[in-house]
Every structure is written in structure tokens, then in C-alpha cells.
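Q: I have a structure here, written as C-alpha cells, and I will follow up with some questions on it.
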Amino acid sequence: MDEQKILGDRFEANRQHLYRVAYRMLGSYGEAEDAVQEAWLRLSRAGADDVGNLTGWLTTVVARVCLDMLRSRKARREEPLEVPEDEGGPTGGKARPIQAAAANSDPEQEALLADSVGLALLVVLQTLAPAERVAFVLHDMFDLSFDEVARVVGRTPVAARQLASRARRRVQGKPVVPEADLDRQRSVVEAFLAASRGGDFEGLLAVLDPDVVVHADAAAVKLGSAAETRGADAVARTFKGRARNAQVALVDGMPGVVVAPQGKLLLVLRAKVVDGRIVEIEAIADELRLAELDLAVL
């Protein structure tokens with residue numbers, strides 16, 4: 001059998017695992033495809049003659065590619081990467097250009113991947129520093145040792161452990177109010193979200209203060225929100241039948257709502273609860289403000 005075909009078959013056996021690793025790091029199906037394709041290109045050039053553990057080798061390569069992509073996000077807007085057309089692909093044909101992945105990404109597959117991870121967790125992962133995110137994903141989600149993580153992030157094993165620990169604390173969140181109060185406020189926000197999804201007008205009124213006010217930033221207004229809405233009736237009409245892709249999460253230590261279609265953070269609702277009712281909601285969609293929020297999975 002052709003050596004390149006054998007190598008391609010071995011790579012295909014690892015493809016889904018590599019997608020899962022890359023998607024948890026990048027939160028984007030298209031970018032995950034890019035990272036996996038880059039791993040194939042590197043394997044096809046290097047060969048596997050000296051590779052004892054191909055799955056481990058490919059996981060490390062994908063993780064390093066993802067780390068570079070995460071760092072690049074912070075530095076600049078990424079340009080599409082070109083791939084030589086004469087590189088052979090796993091199926092025996094020509095490898096597609098890397099940038100084609102994002103253009104041809106499958107929304108259904110991306111939604112399935114997002115569901116498998118958890119939308120709230122994906123949102124929180126986006127708030128981590130690149131090295132923290134890679135360390136957390138590799139160790140906590142895929143059980144790589146800190147020695148292996150250290151080789152990916154270019155740190156010592158002790159430093160890799162610290163990166164994962166910091167990320168874990170961010171993911172778990174730290175309540176800033178007593179646990180009992182936090183639970184009560186969370187139940188109010190959950191009831192609000194359930195009533196919103198179900199189009200339950202009376203249910204919304206039950207959790208809204210009569211004088212509730214909603215403020216939206218300029219970016220949220222562009223998404224269709226009013227700059228300000230006052231009164232329980234008006235707010236209930238605004239949110240009735242909505243809340244698709246929304247989920248309860250800790251927002252700066254308090255229960256709130258994140259709206260994240262397929263794991264991409266779009267909008268945050270920061271709710272203020274007093275005596276069992278929501279008295280104020282702040283709708284935040286500005287990218288810079290979203291990046292400053294401390295979000296955690298509930």
C-alpha cells in the first residue's frame with residue numbers, strides 16, 4: 001500500500017480527537033479545521049517513522065498551532081494562511097488551502113461541538129489568556145500530564161500547573177456574595193430566562209420589579225435593543241419569546257445571562273436582583289466591555 005495513503009489513514013483515525021482538542025481551545029469550528037489541517041501538513045512533510053505515539057504527537061502539534069492562533073488574535077486580525085497546492089492530503093488528493101475551512105464550516109457540526117463542550121464554558125474559556133486556555137484544555141479536559149503541557153506552552157511543568165490552576169479558578173468562578181444569597185438570585189435569573197424562552201408574560205412579570213429598567217450599550221442597540229426600557233410591562237414585552245442561545249452564568253461574580261450562539265459570545269445581560277425581583281438589567285455587547293467582564297460557569 002502507498003506509504004502516503006497509510007499515513008493518511010492513520011491521520012484520519014485521529015481526526016475527530018484533534019477536532020475536539022482544537023475546538024475547545026479556539027471555540028470556532030472553522031479555525032479548528034484550520035489547526036487540524038495544519039497538523040496534517042506537518043505530518044505529511046515530516047512522516048511518522050520516528051513517531052512512537054502518533055496521537056500524542058498530533059495532539060501536541062495541534063495544541064501548538066492553536067496557541068499561536070490564540071496569541072495572534074490578541075495581536076492583530078489574522079490573515080488567511082496559504083498552503084501549497086501540491087501538498088498531498090489525507091485522502092490522496094491535493095490539500096485544500098487552510099483558509100477554506102472557515103468559509104466551508106458546517107453550522108450543524110459547529111453547533112454539535114458547542115453543545116458537547118457547553119456554551120457557558122466556551123464563553124468563559126474565551127476570557128482566559130492563551131497559555132492558560134491551552135494548559136486547562138490539555139490537562140483538565142484531555143488528561144495530558146503537566147510535563148506534556150509544559151512542552152506545548154514553553155514553560156516548566158510547575159509553571160504549566162500554575163497556568164491550569166489559574167484557569168480552573170476562572171472557570172469555576174468565585175462568588176462575591178454569600179452562597180445562600182447567590183442561590184436565591186440565581187433562581188430568579190433562571191426563572192426570568194425560562195419565562196422569556198417560553199413566552200410566559202405573567203412569569204416574566206413575577207420576577208420583574210414594577211419599576212425595572214433595562215439599559216443597553218451602543219453595540220446592543222445595534223443588535224436591536226432599545227437604549228432604555230422602563231417598567232415591568234414594557235420589559236416583559238421586550239423579552240417575551242426571546243432568550244434563544246442564552247444561558248445563566250456568573251457575570252462579575254453575580255448571576256446573569258450570556259447569549260452565545262454556537263459558543264461565540266454576543267451579548268451579556270447583567271442583572272441586579274433585590275428582594276427576589278430583578279430591578280435592573282444592563283445589556284452589554286461592546287467587544288471591549290465584554291472582554292473586561294469576569295464570566296464563569298454556573
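The values are calculated or read from the model by the stated rules, or taken from the named source; none is laboratory data. Since the model is a prediction, treat every value here as computed from it, not as a measurement. Glycine gets a Cβ as well: all are built from the backbone with ideal geometry, and neighbour counts include every protein chain shown.
Q: Would you confirm whether any residue within segment 231-238 is closer than 18 Å to residue 124 by Cβ and outside the structural domain of residue 126 (by TED's automatic domain parsing)?
A: The first filter runs over segment 231-238 and keeps only residues closer than 18 Å to residue 124 by Cβ, leaving none.
Looking through segment 231-238, none of the residues is closer than 18 Å to residue 124 by Cβ and outside the structural domain of residue 126 (by TED's automatic domain parsing).
Q: So in segment 259-273, with the set limited to residues that are within 11 Å of residue 189 (Cβ to Cβ) and surrounded by 21 or more Cβ atoms within 10 Å (Cβ to Cβ), which one is nearest to the chain's Cα centre (by Cα)?
A: 269
Q: Just checking, does segment 272-283 include any residue being closer than 28 Å to residue 30 by Cβ, at pLDDT 95 or above and touching a strand residue (DSSP E or B) at 6+ places or on another chain (Cβ under 7 Å)? Step through it out loud before you land on a result.
A: The first filter runs over segment 272-283 and keeps only residues closer than 28 Å to residue 30 by Cβ, leaving 283.
Next, only the ones that are at pLDDT 95 or above stay: 283.
So of that shortlist, the ones also touching a strand residue (DSSP E or B) at 6+ places or on another chain (Cβ under 7 Å) come out as 283.
Checking segment 272-283: at least one residue is closer than 28 Å to residue 30 by Cβ, at pLDDT 95 or above and touching a strand residue (DSSP E or B) at 6+ places or on another chain (Cβ under 7 Å).
Q: Can you confirm whether residue 125 is at pLDDT 80 or above and surrounded by 19 or more Cβ atoms within 10 Å (Cβ to Cβ)?
A: Against the criterion (at pLDDT 80 or above and surrounded by 19 or more Cβ atoms within 10 Å (Cβ to Cβ)), residue 125 qualifies.
Q: Shifting gears a bit: I'd like the full set of residues that are surrounded by fewer than 18 Cβ atoms within 10 Å (Cβ to Cβ) and not in a helix (DSSP H, G or I), limited to segment 278-292.
A: Residues satisfying the conditions are 279, 280, 286.
Q: Identify all residues within segment 214-235 that are touching a residue at least 40 places away in the same chain (Cβ under 8 Å), in a helix (DSSP H, G or I) and either surrounded by 15 or more Cβ atoms within 10 Å (Cβ to Cβ) or among the polar types (S, T, N, Q) (or both); write none if there are none.
A: The first filter runs over segment 214-235 and keeps only residues touching a residue at least 40 places away in the same chain (Cβ under 8 Å), leaving 214-220, 222-223, 225, 235.
Within this subset, residues satisfying the condition of being in a helix (DSSP H, G or I) are 218-220, 222, 235.
If the condition is that a residue be touching a residue at least 40 places away in the same chain (Cβ under 8 Å), in a helix (DSSP H, G or I) and either surrounded by 15 or more Cβ atoms within 10 Å (Cβ to Cβ) or among the polar types (S, T, N, Q) (or both), then 219, 220, 235 are the ones that fit.
Q: If I filter segment 14-65 down to residues being over 30 Å from residue 124 (Cα atoms) and assigned to a helix (DSSP H, G or I), which single residue comes out as modelled with the lowest pLDDT?
A: So in segment 14-65, the residues over 30 Å from residue 124 (Cα atoms) come out as 41-54.
Cutting the leftovers down to assigned to a helix (DSSP H, G or I) gives us 41-46, 54.
On the way: 41: 92, 42: 91, 43: 89, 44: 86, 45: 86, 46: 82, 54: 89.
Filtering first and then ranking leaves 46.
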